[in-house]
Each structure stands twice: as C-alpha cells, then as structure tokens.
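Trainee: What follows is a single structure, and I will ask about it in a moment.
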Amino acid sequence: MLHFFLIGIASALSGQTFDVTPLTVNQGGVLRVRSSNSAESARMNGRVIRLFPQKEGGALGLMPVPAAEKPGNYKVELIDKNGNSLQSAAVTVQDAHFPTQNLIISEELSKLKPSPGETEAVAAFKNTVSDMRYWNEPFAAPVSGCLTSPFGVKRLHNGKPTGDYHTGFDQRSPANGPIRAVAAGVVKIVREFNLHGGTIAIDHGQGVESIYLHMSKFATTEGAIVEKGDVIGYVGSTGRSTAPHLHWGVYVNGVAVNPAQWVQLHACAAKRKAPRTASKSE
Ligand SMILES: [Zn+2]
C-alpha cells in the first residue's frame with residue numbers, strides 16, 4: 001500500500017507544477033515563484049533566487065523587482081542547478097511612477113561619512129539568504145505613525161539629484177517611541193553607525209530581511225530570536241536624520257522592495273509645513 005502511495009507521489013512530481021504570481025507587478029514589487037520541486041532556482045533578468053521547501057508542501061522563492069527595473073516584459077524561468085531553463089512564465093513590470101522629493105539637509109549632515117565597516121556590514125546583511133523561514137504574513141507596522149516618505153521616491157539633496165531612491169518607509173513617530181519587529185526572525189545587526197545611526201537588522205529567513213534606522217536606544221541584542229511585534233528599540237534621530245522618525249525597509253534576496261506589499265500606511269496630512277524627516281537616501 002505504502003509502495004503505491006510513493007509511486008503516486010513520484011508521478012505527481014514528474015508532472016511538475018510551476019506558478020508565478022502576480023504576472024503583472026509594479027517596480028519595487030515581489031513575485032512569488034512556486035514549484036513542486038525545491039531543488040531548483042528561479043531567474044529573471046539575470047537575477048537568480050533560491051526556492052525553499054515549505055511546510056504546506058512544494059517550494060517557494062521570492063523574486064524581487066528592483067525600483068529601478070525598466071518597465072516591460074520579462075521572463076521568469078525555473079532553472080536547474082546547471083542553470084538550464086525548465087519552465088518559464090511571462091511577466092510584466094509596470095512603471096510605479098515614483099515621485100521625486102527634495103530634502104534640505106545641513107552641510108554637516110551631507111558631509112557625514114559611513115563608520116568603518118558600516119557599508120560592508122549592511123551590504124552583507126542585505127545579501128543574507130538563510131534556510132530557516134521565520135516570517136509569516138501579514139507583517140506588522142513597526143510604529144503607528146503616518147508615512148512621511150514612501151518607498152521609491154527619487155531623492156534630491158538640496159536640489160541635487162543623488163541618483164538614489166528611497167529604499168524603505170519613513171514613519172513619523174515621537175522620539176523614544178517603541179519600535180517593533182515587523183515579523184519573526186534572528187537579529188543580525190545591533191550597531192551605532194554614522195550614516196544609518198542606531199541600526200537594527202533582522203533576518204526573517206529564506207531571503208527576507210528588515211532594517212530599522214536612526215534609533216535612539218536598542219532593546220535587543222545580536223543573535224536574539226524575536227517574534228513579530230517584539231520591541232527591538234526606540235525611535236531617534238541618529239545618523240543622517242534631521243528629526244525623530246523611523247526609517248525601515250524590507251529586502252528580498254538582496255533587493256530593497258516596497259514595504260507597502262505587506263504594511264499599508266496612511267500618508268501624513270500635508271496641511272501645515274511638515275517637519276523635515278529626512279532619512280539618508282539609502
Ligand atoms: Zn527613509
């Protein structure tokens with residue numbers, strides 16, 4: 001009986017399933033790539049991501065679409081370990097029409113240099129892809145304040161284009177308000193940096209990470225395992241920041257993606273002259 005059952009599974013596997021959702025995505029979005037076989041990877045426009053076995057069966061990988069990806073038609077391919085294409089799906093990347101934002105920053109702030117190792121530590125973190133999945137949806141907002149700057153905004157500093165876009169969300173929050181983990185994960189960075197300021201970075205597993213900047217105080221340590229909603233630190237204005245706020249961002253397989261896919265926030269009302277809540281353009 002068991003024998004027949006196993007044969008049944010084997011034939012189901014050979015009639016392999018492959019699924020990409022959604023098939024139309026905005027710049028900064030994420031495509032979910034599912035396959036019945038976890039021994040594979042997926043490729044789109046030269047970027048390769050791993051697929052991981054899931055508790056509910058099958059394998060899942062998250063393909064990030066960078067904010068700067070050219071709108072148009074692309075192919076997502078399921079590939080074997082030698083890079084051979086097994087199956088493919090046609091997807092369309094749409095222009096997200098990101099706005100432009102000028103930030104007035106002081107000369108002192110504009111001259112800030114990263115701490116020794118800051119750039120490298122953050123880059124290494126963003127590219128972390130670990131096997132164990134801690135994240136579950138939905139994610140939680142880390143603070144309750146409104147959104148002062150959305151993802152993808154093209155940044156100018158004092159009128160000069162920086163060539164950078166905003167890699168996360170800026171949320172208004174009073175100084176020293178608690179900041180909560182958006183999902184469960186392992187705390188990888190708890191550091192005071194010159195540019196990022198007080199920084200916490202969490203690996204949620206299987207290529208999903210989150211980062212929190214400009215904090216005034218920390219409430220966790222490197223190596224700690226946190227649950228969604230755990231307080232990890234407090235809002236500040238450290239690093240390249242001109243007023244207390246929280247900058248946070250989500251990285252998927254090394255690429256900054258739009259947190260709005262997980263956490264919807266209201267934009268702050270623009271009636272009065274809003275206080276500058278510039279984060280660095282990172
Ligand atoms: Zn920011």
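Trainee: Of all residues in segment 167-180, which are surrounded by 22 or more Cβ atoms within 10 Å (Cβ to Cβ) and either farther than 30 Å from Asp95 by Cα or at pLDDT below 95 (or both)?
Mentor: Ser173, Ile179
Trainee: Within segment 214-229, track down each residue that is in contact (Cβ under 8 Å) with a residue 60 or more places away in the chain, in a strand (DSSP E or B) and over 27 Å from Arg50 (Cβ atoms).
Mentor: His214 - this is the single residue of segment 214-229 that is in contact (Cβ under 8 Å) with a residue 60 or more places away in the chain, in a strand (DSSP E or B) and over 27 Å from Arg50 (Cβ atoms).
Trainee: Under 30 Å from Leu23 (Cα atoms) and either modelled with pLDDT of 95 or more or crowded, with 18+ Cβ neighbours inside 10 Å (or both): does that describe Thr100?
Mentor: no
Trainee: Next up: Which one of Lys75, Lys81, Lys55 is charged (D, E, K, R), in a strand (DSSP E or B) and loosely packed, with under 14 Cβ neighbours inside 10 Å?
Mentor: Lys75
Trainee: Moving on. Considering only residues that are within 16 Å of the ligand (Cβ to nearest atom) and either without any contact (Cβ under 8 Å) to a residue 12 or more places away in the chain or part of a strand (DSSP E or B) (or both), which ones fall in segment 164-194?
Mentor: Asp164, Tyr165, Phe169, Asp170, Gln171, Arg172, Ile179, Phe193 - these are the residues of segment 164-194 that are within 16 Å of the ligand (Cβ to nearest atom) and either without any contact (Cβ under 8 Å) to a residue 12 or more places away in the chain or part of a strand (DSSP E or B) (or both).
Trainee: Counting only residues that are more than 16 Å from the ligand (Cβ to nearest atom) and crowded, with 19+ Cβ neighbours inside 10 Å, how many does segment 234-259 have?
Mentor: Total satisfying the criteria: 4.
Trainee: In addition: So Ile200 ticks every box in (1) surrounded by 16 or more Cβ atoms within 10 Å (Cβ to Cβ); (2) within 16 Å of the chain's Cα centre (by Cα); (3) in contact (Cβ under 8 Å) with a residue 40 or more places away in the chain but one. Which box is left unticked?
Mentor: For Ile200, the exception is condition (3).
Trainee: Residue by residue through segment 230-249, note down the ones that are out of contact with any Asp or Glu (no Cβ under 8 Å at 6 or more places or on another chain) and not in a loop (DSSP other than H, G, I, E, B).
Mentor: Of everything in segment 230-249, those that are out of contact with any Asp or Glu (no Cβ under 8 Å at 6 or more places or on another chain) and not in a loop (DSSP other than H, G, I, E, B) turn out to be Val231, Ile232, Gly233, Tyr234, Gly236, Trp248, Gly249.
Trainee: Working only within segment 16-36, note down all residues that are in contact with a Ser or Thr (Cβ under 9 Å, 6 or more places away or on another chain), surrounded by 15 or more Cβ atoms within 10 Å (Cβ to Cβ) and part of a loop (DSSP other than H, G, I, E, B).
Mentor: Ser36
Trainee: Condition check: farther than 18 Å from Gln261 by Cα, away from the ligand (no atom under 16 Å from the Cβ), among the polar types (S, T, N, Q) and in contact (Cβ under 8 Å) with a residue 12 or more places away in the chain. Does Ser110 satisfy that?
Mentor: Spelling it out, it is not the case that Ser110 is farther than 18 Å from Gln261 by Cα, away from the ligand (no atom under 16 Å from the Cβ), among the polar types (S, T, N, Q) and in contact (Cβ under 8 Å) with a residue 12 or more places away in the chain.
Trainee: Among the listed residues Thr92, Thr128, Thr148, identify the single one that is within 16 Å of the ligand (Cβ to nearest atom), in contact with a strand residue (DSSP E or B) (Cβ under 9 Å, 6 or more places away or on another chain) and not aliphatic (A, V, I, L, M).
Mentor: The unique qualifying residue is Thr148.
Trainee: Now for a separate question. Do we find that Tyr134 is within 16 Å of the ligand (Cβ to nearest atom) and among the hydroxyl-bearing types (Ser, Thr, Tyr) in this structure?
Mentor: Considered against the rule, which asks whether it is within 16 Å of the ligand (Cβ to nearest atom) and among the hydroxyl-bearing types (Ser, Thr, Tyr), Tyr134 comes out as no.
The values are calculated or read from the model by the stated rules, or taken from the named source; none is laboratory data. Please read all numbers here as calculations on a predicted model, not as lab measurements. As a convention, Cβ positions derive from the backbone with ideal geometry for all residues, glycine included, and neighbour counts pool all protein chains shown.
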